[in-house]
Amino acid sequence: QLAIGEEKGMWGAVSYAYKPMNQLLLSYDKAYLMDSNDARVTIYPRVAYHHVASMDIGARSARATATLSGVADLPTDHVEFPELRTSQQVGNMYLISPTFTVNPFGGANGGNVSVSYLRVFGTDPPVSGKYPDASQFDSRYPYKSAFLLGAQFPTWRKLTADFRLLFDMKNPGTIVSWNFSYAADRDWRLFMATDVLTSFTGDSAGGNDFIHRYRENDRVAGGVTYVF
């Protein structure tokens, strides 16, 4: 990684890595047991590698930051699979994302508002093997075109609140997230978080995107952390 620039003003960075993918890629084969109406499925996970190159340019001021990021994700997964297996395939992906962050609150308690957009160029290659039409592997990138609005509110009496609204444009849907954190003292911290998923893709449209698939999995979480 190489970066140039100052704390304020223009800056830029480029990076390159050759590393394992963050996700396991899957293959499977299956057989129906006619006497019991059951199915026996054997899953074969594999680790694939990819080249990842990125470039970021931006500008900072006392109250605002603007960034433009681009990433090239080039897998090297060239494996011959037995025809009896149904196998997930991966292809080249290119991502671009502008982000703008501003601090409208001022003061020493922090807080900011940000908006960013993600656009992914490239498509997941067709599944190969025995059952290519009946297989639905998760895409490596769940969002192909999406906006993210975020807000971190100024700390108030040791309480911090973060808000995020993600809007998937290609497969219309939203994820609304809240995170509340209370610093009881220097070592103890309490938190509560929520996620609410809403899909605007009707069932008749056969939506299989990330939000539509998990639209019933709203989340409420809470916990306590202690720093030793």
Handout entry: Selected residue (criterion: nearest to the chain's Cα centre (by Cα)) from residues of the range 106-123 that are open to solvent by 40 Å² or more (accessible area, probe 1.4 Å) and at pLDDT 85 or above
Key = 118
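From the list 101, 86, which residue is β-branched (Val, Ile, Thr) and closer than 29 Å to residue 11 by Cβ?
Working: 86 fails: closer than 29 Å to residue 11 by Cβ.
Only one candidate qualifies: 101.
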Completion exercise
For the range 129-142, pairs from a residue that is closer than 15 Å to residue 44 by Cα and of a type in the set (S, T, N, Q) to a residue that is at pLDDT 80 or above and surrounded by 13 or more Cβ atoms within 10 Å (Cβ to Cβ), with Cβ under 7 Å and 6 or more apart or across chains, are 135/86; 135/127
Practice task
Scan the range 4-23 residue by residue and report those that are open to solvent by 60 Å² or more (accessible area, probe 1.4 Å), closer than 28 Å to residue 141 by Cβ and not in a strand (DSSP E or B).
Solution key: 22, 23
Exercise for the section: Kindly list the number of the only condition in (1) outside any loop (DSSP other than H, G, I, E, B); (2) open to solvent by 30 Å² or more (accessible area, probe 1.4 Å) that fails for residue 139. Expected result: (1)
Practice task
For residue 77, indicate whether it is more than 23 Å from the chain's Cα centre (by Cα), at pLDDT below 95 and either hydroxyl-bearing (Ser, Thr, Tyr) or surrounded by 10 or more Cβ atoms within 10 Å (Cβ to Cβ) (or both).
Solution key: no
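Of the residues 157, 213, 189, which single one is at positive phi and free of Cβ contacts under 8 Å to residues at least 40 places away in the same chain? Spell out the reasoning first.
Details: 213 fails: at positive phi; 189 fails: at positive phi.
Exactly one of 157, 213, 189 is at positive phi and free of Cβ contacts under 8 Å to residues at least 40 places away in the same chain, namely 157.
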Handout entry: Filtered residues of the range 55-74 (kept if hydroxyl-bearing (Ser, Thr, Tyr) and surrounded by 14 or more Cβ atoms within 10 Å (Cβ to Cβ))
Key = 65, 67, 69
Exercise for the section: Could you list, in sequence order, all residues of the range 24-36 that are loosely packed, with under 14 Cβ neighbours inside 10 Å and either in contact (Cβ under 8 Å) with a residue 12 or more places away in the chain or part of a strand (DSSP E or B) (or both)? Expected result: 24, 31, 32, 33
Practice task
Any residue in the range 37-48 that's closer than 12 Å to residue 87 by Cα: show its pairings with residues that are open to solvent by 70 Å² or more (accessible area, probe 1.4 Å) at Cβ separation under 9 Å, as long as the two are six or more apart or on different chains.
Solution key: 45/24; 46/24; 46/79
Practice task
Consider only pairs whose beta carbons are under 8 Å apart and that are at least six residues apart or on different chains; among these, list those whose first residue lies in the range 61-80 and is more than 16 Å from residue 8 (Cα to Cα) and part of a loop (DSSP other than H, G, I, E, B) and whose second residue is open to solvent by 70 Å² or more (accessible area, probe 1.4 Å) and not aliphatic (A, V, I, L, M).
Solution key: 76/49; 77/49
Problem - Residue within the range 142-151 that is within 23 Å of residue 50 (Cα to Cα) and crowded, with 17+ Cβ neighbours inside 10 Å present - result: yes
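Is it fair to say residue 199 is modelled with pLDDT of 95 or more and either surrounded by 14 or more Cβ atoms within 10 Å (Cβ to Cβ) or among the acidic types (Asp, Glu) (or both)? Explain how you work it out, then say what you get.
Details: modelled with pLDDT of 95 or more: no; either surrounded by 14 or more Cβ atoms within 10 Å (Cβ to Cβ) or among the acidic types (Asp, Glu) (or both): yes.
Against the criterion (modelled with pLDDT of 95 or more and either surrounded by 14 or more Cβ atoms within 10 Å (Cβ to Cβ) or among the acidic types (Asp, Glu) (or both)), residue 199 does not qualify.
The values are calculated or read from the model by the stated rules, or taken from the named source; none is laboratory data. These numbers were taken from a predicted model, which means no experiment stands behind them. FYI the Cβ positions are ideal-geometry reconstructions off the backbone, even for glycines, and counts take in every protein chain you see. For accessibility, only protein heavy atoms count, side chains too; no ligands or nucleic acids. Shrake-Rupley method; radii C 1.70, N 1.55, O 1.52, S 1.80 Å.
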